[in-house]
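The values are calculated or read from the model by the stated rules, or taken from the named source; none is laboratory data. Fair warning: this is a prediction, and the values are worked out from it, not measured in the lab. Cβ coordinates were reconstructed from backbone atoms using ideal geometry, including for glycine residues, and neighbour counts include every protein chain displayed. Just the protein is used for accessible areas: all its heavy atoms, side chains included, with ligands, DNA and RNA removed. Shrake-Rupley method; radii C 1.70, N 1.55, O 1.52, S 1.80 Å.
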Amino acid sequence: MKGGNASSQMAEHYISMENFNIVWHYKDLLLKGLGYTVFVSVAAILIALCVGMLLSVMRMGGDSLPSRILKKIVAVYISFVRGTPVLVQIYIIYQALAVMGLNLSNLASGIIALSLNSGGFIAEIIRGGLTAVPKGQTEAARALGMSEPKILMRIVFPQVFKVALPQLTSEFINVIKVSPMLSVLAIVELTRTAQRLVTQTYINLPFYIAIAVMYFVICAGLEELVKLQKKRLERR
């Protein structure tokens, strides 16, 4: 009974209204951290789109020996990205950039790490979307004398992104969810901000509940957007 009373008192201490009032007092800092999270996620997904498009194009090569080698390299890269922890990839990219002599900020290194990770997943999403583009359209474009880059940018990719938009939005949600791992690089996004405030105020649970709610609101909103996108595609 004493142990139960002690646990109850401890719980009341952590989740008291006074502690949540303290969390509310630091709302501006939390919102600033949320802004960094959104900025990092948007920047990473935009770069990842470019990476994914490049990888998908590399996998569309012919049957020549160089093309087959390139396809194999891309396949290994995608398998590595999908089969290793994101945190390990962040450490590898951060250290690799330093070894290469690129004196980038922690923020830039973190964005690059997230974009290279997400780019592998987006490449697979785009490859799936390519099946929705009728081959007759690309063959007709070639017959009209269009170059391969024009065919990709004007005919193929617009249709692919239209079909794959729900999956791409889901990938954006995933980037937001893994962005807290950038706190290991001392990037002051939402989770890192909460960690600093916990150290400063010695109040942990209310802060983590608060940021969990903030992540949930953003991700739930985007998930509803995904559902709407899927419904529109089904109607069409």
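Per-structure values
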quantity: Contacts under 7 angstrom Cβ, first residue in region 216-236 being open to solvent by 70 Å² or more (accessible area, probe 1.4 Å), partner not hydrophobic (A, V, I, L, M, F, W, C), 6 or more apart; calculated: Leu225/Thr169; Lys230/Pro166
quantity: Subset of region 126-137 (residues that are at pLDDT 80 or above and either polar (S, T, N, Q) or buried (at least 21 other Cβ atoms within 10 Å of the Cβ) (or both)); calculated: Ile126, Gly129, Gln137
quantity: Any hit, region 36-45, residues being modelled with pLDDT of 95 or more, open to solvent by 70 Å² or more (accessible area, probe 1.4 Å) and within 30 Å of Pro206 (Cβ to Cβ); calculated: yes
quantity: Selected residue (only one of Ala113, Ala141, Ala123 is open to solvent by less than 60 Å² (accessible area, probe 1.4 Å) and over 21 Å from the mean Cα position of the chain (by Cα)); calculated: Ala141
quantity: Tabulated pairs, region 132-146, first more than 25 Å from Leu165 (Cα to Cα), second open to solvent by 60 Å² or more (accessible area, probe 1.4 Å) and in a helix (DSSP H, G or I), C-beta under 9 angstrom, 6+ apart or interchain; calculated: Arg142/Glu148; Met146/Arg154
quantity: Residue, nearest to Val42 (Cα to Cα), within region 89-107, restricted to residues that are among the aliphatic types (A, V, I, L, M) and open to solvent by 70 Å² or more (accessible area, probe 1.4 Å); calculated: Leu104
quantity: All positions within region 73-88 that are part of a loop (DSSP other than H, G, I, E, B) and open to solvent by 70 Å² or more (accessible area, probe 1.4 Å); calculated: Pro85
quantity: Positions within region 160-215 being aromatic (Phe, Trp, Tyr) and open to solvent by 30 Å² or more (accessible area, probe 1.4 Å), in sequence order; calculated: Phe161, Phe172, Tyr202, Tyr208, Tyr215
quantity: Some residue of region 20-31 being at pLDDT 85 or above, under 22 Å from the mean Cα position of the chain (by Cα) and open to solvent by less than 60 Å² (accessible area, probe 1.4 Å); calculated: yes
quantity: For Leu152: the one exception among (1) open to solvent by less than 60 Å² (accessible area, probe 1.4 Å); (2) within 20 Å of the chain's Cα centre (by Cα); calculated: (2)
quantity: Residue list for region 58-72, filter: part of a helix (DSSP H, G or I), of a type outside the set (A, V, I, L, M, F, W, C) and farther than 30 Å from Val178 by Cβ; calculated: Pro66, Ser67, Arg68
quantity: Only one of Val188, Val184, Val213 that is in contact (Cβ under 8 Å) with a residue 60 or more places away in the chain and assigned to a helix (DSSP H, G or I); calculated: Val184
